[in-house]
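Taking it in order: structure first as structure tokens, then the write-up.
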């Protein structure tokens, strides 16, 4: 199984990237490729840029990574109740590529986390409602609240109940 791991944030120290990487590791010995949005030089989307210059290579490469994976593990950052601007910009560009659905009808495990008590629940719900329309086959979702209290960079999720809940979701996807 080939997994595309995306932290939906343009922060260099993205907690959502850390959470997505940890979650992807729960799938066991599989091929994993990380997309670090903070390292992508994606110009701000505008129809004028698209018409004048076409699609940036980095966007076409991202779309190709989606097309060449079995499952996407995506953890969304929440900024003011919505998608992170860097992630949204990449999504805007990718969704404009002709003759494709944004997520390529790929299986997806959709995640979110934040320092707050809701764990990015607002953006997670928005994505769960919208992403199927743009080609995501959402197989499961999970929100981790209070990231800094419930996650350790060495151990992962430290709350045993939440860890087991996430492992159950991953196992159901693996066994499907």
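If the condition is being assigned to a loop (DSSP other than H, G, I, E, B) and under 30 Å from residue 148 (Cα atoms), then the stretch 23-44 contributes 26, 27, 28, 29, 30, 40, 41, 42. Considering only residues of the stretch 57-106 that are in contact with a helix residue (DSSP H, G or I) (Cβ under 6 Å, 6 or more places away or on another chain) and on the phi > 0 side of the Ramachandran plot, which is surrounded by the most Cβ atoms within 10 Å (Cβ to Cβ)? Checked the stretch 57-106; the qualifying residue surrounded by the most Cβ atoms within 10 Å (Cβ to Cβ) is 104. Applying the criterion of at least 3 residues that are in contact (Cβ under 8 Å) with a residue 12 or more places away in the chain and under 21 Å from residue 15 (Cβ atoms) to the helices (runs of 4 or more DSSP H) found wholly in the stretch 45-162 leaves 85-95, 121-130, 147-150.
Among the residues of the stretch 1-17, those that are assigned to a loop (DSSP other than H, G, I, E, B) and crowded, with 18+ Cβ neighbours inside 10 Å comprise 9, 10, 14. Among the residues here, residue 20 does not qualify as within 13 Å of residue 2 (Cα to Cα), touching a residue at least 40 places away in the same chain (Cβ under 8 Å) and assigned to a helix (DSSP H, G or I).
Taking the criterion of being closer than 17 Å to residue 113 by Cα and surrounded by fewer than 17 Cβ atoms within 10 Å (Cβ to Cβ), the residues of the stretch 164-176 that qualify are 164, 165, 167. Going through (1) exposed (fewer than 13 other Cβ atoms within 10 Å of the Cβ); (2) closer than 24 Å to residue 151 by Cβ one by one, residue 119 falls short only on (1).
Say we look at the stretch 26-42 and pick out the residues that are in contact (Cβ under 8 Å) with a residue 40 or more places away in the chain and surrounded by fewer than 16 Cβ atoms within 10 Å (Cβ to Cβ); which of these is farthest from residue 65 (Cα to Cα)? Once the filter is applied, the top-ranked residue is 28.
No value in this document is a laboratory result; all are computed from the given coordinates. All values reported here derive from a predicted model rather than from experimental measurement. Every residue, glycine among them, receives a Cβ derived from its backbone with ideal geometry; neighbour counts consider all protein chains shown.
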